[in-house]
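Visitor: This structure is in structure tokens; I'll ask about it shortly.
The values are calculated or read from the model by the stated rules, or taken from the named source; none is laboratory data. What you see is a predicted model; the values in this text were computed from it and never measured. No Cβ is skipped: glycine too gets one built from the backbone with ideal geometry, and neighbour counts run over all protein chains shown. Quick note on the areas: whole protein, heavy atoms, side chains included, nothing else; ligands and nucleic acids left out. Shrake-Rupley method; radii C 1.70, N 1.55, O 1.52, S 1.80 Å.
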Amino acid sequence: ITIRDCNIQNFSLGINISGARNITIRNNNITNGTGGILVNNSIFVFLRNNTINVTGGIGVYLKNITFVNLTGNNITGVSGTVSPALLVENARFSMFYNNTVQSPQWRGAQFVRSNNNNLTYNVFTSDSDIALLLNDTSNYNILVNNTVLTATTAVGSRGITFDVSSDN
């Protein structure tokens, strides 16, 4: 499956893929939807140079995935929701490289039960909560040369949080 060079606007979910293999999603512009990209139960997924700016919900949601390469994407969440801009759940052996992930309201990026992944040269930002959260047994992940920003000193705002996770 290849999806490239598309402008996707005003949908409840821009791209939805489930149970697939060898997926390439690149050079797409997804705006004004309540969700950007959902990839579920898939293997060998390549997301590159996409711009996702959603008006509600999650910008990119990767669930039950293996061998994903997320590179050079700009993912922006929305104010007024309690959804992270990037949510990664049950991911293994994946690379997150040179992405900008920003949430004006809640979490920039959240990794849940995700193991043996590499996060390098990313920018994670949250204006009010946690910029990067690894929780619920997200273990053996490697974090190198990432920039983590919070735009506020409000009580509870944090850069990187590890919650019930180890060996990262």
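Visitor: Within the group Ser165, Ser138, which residue is closer than 24 Å to Val45 by Cβ, open to solvent by less than 60 Å² (accessible area, probe 1.4 Å) and at pLDDT 90 or above?
Guide: Numbers: Ser165 fails: at pLDDT 90 or above.
The unique qualifying residue is Ser138.
Visitor: Residue by residue through the range 29-49, note down the ones that are modelled with pLDDT of 90 or more and either in contact with a Leu (Cβ under 9 Å, 6 or more places away or on another chain) or within 14 Å of Ser18 (Cβ to Cβ) (or both). Give the derivation first.
Guide: Taking the range 29-49 first, the residues modelled with pLDDT of 90 or more are 29-31, 36-49.
Across the range 29-49, the qualifying residues are Gly36, Ile37, Leu38, Val39, Asn40, Asn41, Ser42, Ile43, Val45, Phe46, Leu47, Arg48.
Visitor: Taking Ala109 and the conditions (1) under 24 Å from Phe93 (Cβ atoms); (2) open to solvent by 30 Å² or more (accessible area, probe 1.4 Å); (3) at pLDDT below 90; (4) not hydroxyl-bearing (Ser, Thr, Tyr), which numbered condition does it fall short on, given that it satisfies the others?
Guide: (2)
Visitor: Next question. Out of the range 31-42, which residues are surrounded by fewer than 17 Cβ atoms within 10 Å (Cβ to Cβ) and assigned to a strand (DSSP E or B)? Reasoning before the result, please.
Guide: Of the residues in the range 31-42, the ones surrounded by fewer than 17 Cβ atoms within 10 Å (Cβ to Cβ) are 32, 40-41.
Asn40, Asn41, listed by residue number.
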